[in-house]
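Rule-based calculations on the coordinates, nothing more; no lab input. As the structure is a computational prediction, the values presented were derived from the model and not from experiment. Please note: Cβ atoms are built from the backbone with ideal geometry, for glycine as well, and neighbour counts cover all protein chains shown.
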Amino acid sequence: MSSAKTILITGVSSGFGRALAQEALAAGHKVIGTVRNREAQQAFEALDAQRAFGRLLDVTDVERIDKAVAEISSDFGPVDVLVNNAGYGYEGILEESPLAEMRRQFDVNVFGAVAMIKAVLPGMRERRSGHIINITSMGGFITMPGIAYYCGSKFALEGISETLSKELAPFNIQVTAVAPGSFRTDWAGRSMVRSTRSIPDYDALFDPIRQARKENSGKQPGDPVKAARAMLALIESQSPPTHLLLGSDALELVRQKLAALGKEIDQWEKLTRSTDG
């Protein structure tokens, strides 16, 4: 293993955040994890009395983030790695889904992540080192009916991550967007917010999708512990990628999307070129 790092992970109560924290602690790293209540903080710190430190923070409380990160740096030293893991899924046909739910989805999945990045960046830039990992999704590349708000938020975070990687390259700060496929986390279970159905026209399209997602929750092919180990390998890499897919399903579906996109671009190339001059 490379030298021990100080890793700040948002949302360590369950899922990828908890799995990554546990694997990082086992590997000898110091982990500061954000949680949203005292009970979760105590449970997290019980993982390792010497190197697991919980902090109460809701990533949508952007006014609090700068102060919280400053306190973390003061208490534990510079943050070497930020992992933006906090997030959730919203499921609902777009026409049936209130705009307020879209704002909430973006507040957590996008604005919260960016606020965390902006809080750690000055220190990383000053030190000319650091690694920012944003947990996105294969839903940041592919889409399916019923998760427009979620996919929109993950597409946004993918684009932000890629742009940021170019802005920070001169300062030796790495940025990686990690896009998991279907894993056995709570994403499709208790962590998912589901819209109320109201328009029968969408029943035939969406009801089977919603039912299948509920039934498959907990049976997905991806192992969160193996995902955590993959992310640890990423953290220890000297030249990490800008994008990393996790899971064979993500790999297959994204490759299909890219092939279909290439075919569509070729099909419409003449019209595309017709606008020059």
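Some observations on this one:
- Cα-based shape type of the stretch 135-237, given that a ≥ b ≥ c are square roots of the gyration tensor eigenvalues and the cut on a/c is 1.5: oblate
- Derived scalar couplings between HN and Hα for the stretch 244-249 equal 9, 7, 10, x, 5, 5 Hz in order, rounded to whole Hz, by the Karplus curve 6.51 cos²θ - 1.76 cosθ + 1.60 (θ = phi - 60°), x for Gly and Pro.
- By average C-beta atoms within 10 angstrom, highest first, the peptides 226-239, 103-116, 153-166, 252-265: 103-116, 153-166, 226-239, 252-265
- Near-label residues of the stretch 133-152 by backbone N, under 13 Å of a point 7 Å along Cα→Cβ of I209: 139, 142-152
- Relative contact order %, the chain, counting alpha carbon pairs below 8 Å whose residues are six or more apart: 20 percent
- Contour minus Cα-Cα distance for L251 and D223 (0.36 nm per residue): 8.6 nm
- Difference of contour (0.36 nm per residue) and Cα-Cα distance, K67 to K270: 67.7 nm
- Net charge of neighbours whose Cβ lies under 11 Å from the Cβ of G92, counting Lys and Arg as +1 and Asp and Glu as -1: -1
- Put a dot 7 Å past the Cα of E236, heading toward its Cβ, do the same for R104, and the two dots end up 4.0 nm apart.
- For the pair R125 and S198 in one chain, pulling the backbone fully straight at 0.36 nm per residue adds 21.3 nm over the alpha carbon distance.
- Placing +1 on the Cβ of every Lys and Arg and -1 on the Cβ of every Asp and Glu, with no other charges, gives the chain a dipole of roughly 460 debye about its Cα centre.
- Using equal-weight Cα scatterers in the Debye expression, the normalised intensity of the stretch 6-252 in log10 at q = 0.17 Å⁻¹ is -1.32.
- Using θ = phi - 60° in the Karplus curve 6.51 cos²θ - 1.76 cosθ + 1.60, the 3J(HN,Hα) couplings for the stretch 137-145 round to 4, 4, x, x, 10, 10, 9, 8, x Hz; x is entered for Gly and Pro.
- Shape of the stretch 178-277, Cα gyration tensor, a/c cut at 1.5: oblate
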